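Have a look at the structure below before the remarks.
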Amino acid sequence: MKQNHIHNKSHFWAPAQHTLSSMTAFQKLVCGIMKHGKKQKAFSIVYNATNLAQQKLLTFPQSQIPSSNFIHTKTSTNFLGHDFKFLMQAIENVRPSLEVRSKKIAGISREIPCLVPLHRGQGIAIRWLLDSARARKKTGNRGFTQNLADELLDAYLQKGTPRQKRDALHKTASTNRAYLRYRWW
């Protein structure tokens, strides 16, 4: 009888076997990059970009790294490899905690500030990171992995386009705090 190779799972990439699959932010990042169902390619792009950004970070002087981020040393062996505190800190530095929603009040649209749930904030931060990495790809001659690594490094260092978007959103919410009384949700 002919053996059916479709059910042989040894040839396929299984995210459940990998330690990174438990990180929801990592999985959101992989799914945001994935095109045409090529999850393994998206996984390798994110993995290589994170390692590349961590290696670039080791070349930075300690004075350029914000004090709010976790401390790394050049002799630290757990900083490289499978330690993704770097990725989580980069996403956390970009994640918005406030947003504005439009509501029509007395014929005028007002922007009402509201809190952003953690999972939605992570999704927004990841979307901003990927959009700015794609914009870098259009202007530069480098690959997407390199651009994503630069964006992650900028996010970790609290710089870059996604961080500016976050600050602008927080400033808008702060400006419209007088309309907070119209919040109904």
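The values are calculated or read from the model by the stated rules, or taken from the named source; none is laboratory data. Owing to the predicted nature of the structure, the values given are computational and were not obtained by experimental measurement. When we count neighbours, we look across all protein chains shown, and the Cβ atoms used for this are built from the backbone with ideal geometry, even at glycine.
Phe12 meets the stated requirement of being modelled with pLDDT under 55, of a type in the set (Phe, Trp, Tyr) and over 23 Å from Arg120 (Cα atoms). For Lys159, the criteria (1) buried (at least 22 other Cβ atoms within 10 Å of the Cβ); (2) at pLDDT below 95 hold in every case but one, which is (1).
For segment 85-132, a tally of residues being on the phi > 0 side of the Ramachandran plot and surrounded by 13 or more Cβ atoms within 10 Å (Cβ to Cβ) returns 0. From the list Phe70, Phe26, Phe43, Phe60, the lone residue that is surrounded by 15 or more Cβ atoms within 10 Å (Cβ to Cβ), modelled with pLDDT under 90 and in contact with a helix residue (DSSP H, G or I) (Cβ under 9 Å, 6 or more places away or on another chain) is Phe26. Identify the residue in segment 135-163 that is of a type in the set (Gly, Ala, Ser) and in a helix (DSSP H, G or I) and, among all such residues, is farthest from Glu111 (Cα to Cα). Ranking the candidates gives Ala149 first. Remark: pairs (first residue in segment 157-184, free of Cβ contacts under 8 Å to residues at least 12 places away in the same chain; second residue in a helix (DSSP H, G or I); Cβ separation under 9 Å; 6+ apart in sequence or on different chains) = Lys159/Leu153.
So which residues in segment 86-104 are in a helix (DSSP H, G or I) and among the aliphatic types (A, V, I, L, M)? Hits for segment 86-104 are Leu87, Met88, Ala90, Ile91, Val94.
For segment 164-185, give me each residue that is part of a helix (DSSP H, G or I) and either surrounded by 21 or more Cβ atoms within 10 Å (Cβ to Cβ) or touching a strand residue (DSSP E or B) at 6+ places or on another chain (Cβ under 7 Å) (or both). Listed by number, the residues that qualify are Arg166, Leu169, His170, Thr172, Ala173, Arg177, Tyr179, Leu180, Tyr182. Looking at this structure, is Ile112 part of a helix (DSSP H, G or I), in contact with a helix residue (DSSP H, G or I) (Cβ under 9 Å, 6 or more places away or on another chain), over 20 Å from Lys56 (Cβ atoms) and among the β-branched types (Val, Ile, Thr)? No; evaluated as a whole, the condition is false for this residue.
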